[in-house]
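Notes follow the structure.
Rule-based calculations on the coordinates, nothing more; no lab input. Remember, predicted model here, so these are calculated numbers, not experimental data. Every residue, glycine among them, receives a Cβ derived from its backbone with ideal geometry; neighbour counts consider all protein chains shown.
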Amino acid sequence: MEAGAEFAGAWPLSGLPRLGESLRESGGEVGFRLAFARDLEGRGTLRGEIAARLVLTCQRCLGALTWDVKAPLELALISGLDEARLLPEELDPLLVSEASIRVLDLIEDELLLALPQIAMHEPGECVPPGPEVIAEGGEPVATGAPNPFAILGALARGGKG
C-alpha cells in the first residue's frame with residue numbers, strides 16, 4: 001500500500017473462517033477504516049478502526065451473547081524483530097515479509113484478539129442450564145429433568161433403579 005492510502009468498507013463475518021469457529025451466528029459484518037502513512041522516522045504505519053457486533057455462546061447458560069467490538073489499530077510495518085524493539089509504545093508491530101498486506105487477515109486477527117477468553121453474560125443476566133433453577137428466594141426449583149445420578153443413589157441404598 002502507498003503512504004496516504006485510505007479506505008473504508010465492510011466485510012461479511014461469514015467470510016472470515018477462523019473467526020467463524022468462535023461465533024454462534026455468522027451473520028452481520030465487520031466495518032473497517034484504515035489509513036496507511038509514514039511517521040517522522042519514515043516508518044510505514046497503519047492506523048484505523050474495526051467495529052463489529054459478534055454473537056457468541058455464553059459459557060454459563062449456553063445462550064446467545066452479543067459482543068460489541070470497536071478496536072483501534074495503531075500498527076508499525078516492520079520487516080524484522082529488531083525493528084519491533086525500537087518502536088514507540090503506542091505502536092504495535094506488524095511483521096510484513098512482502099510488499100502486500102492481507103487486510104482481511106489483519107481484520108480477522110484483530111477480531112480474534114478482541115474475543116473474551118470465556119464468553120459469559122454479566123452475573124444475573126442468564127441462568128445456567130441444569131436439572132434445577134434457583135428461584136428468587138434462593139431455593140432450588142425442580143424442572144422435571146431426570147437426575148443422572150438417581151440410579152447410583154438407589155444402588156447405594158440397596159434398591160434398584
Worksheet item: Once fully extended, how much extra length lies between Phe7 and Leu152, figured as 0.36 nm per residue of separation less the alpha-carbon to alpha-carbon distance?
Response: 45.8 nm
Item to complete: Evaluate the distance, in nm, between pseudo-label points positioned 7 Å from the Cα of Leu81 and of Trp67 along their respective Cα→Cβ axes.
Response: 2.9 nm
Practice prompt. Compute the length gained on full extension between Asp105 and Glu29: take 0.36 nm times their separation in residues and subtract their Cα-Cα distance, giving the result in nm to one decimal.
Written response: 25.9 nm
Worksheet item: Hey, fewest Cβ within 10 Å first, where do Ile151, Ile101 land in order?
Response: Ile151, Ile101
Worksheet, complete the sentence: Projected onto the charge dipole of the stretch 82-124 (unit charges on the beta-carbon of Lys, Arg, Asp and Glu, signs +1, +1, -1, -1), the Cα from Leu104, Gly124, Pro88 with the largest positive-side position is that of Gly124
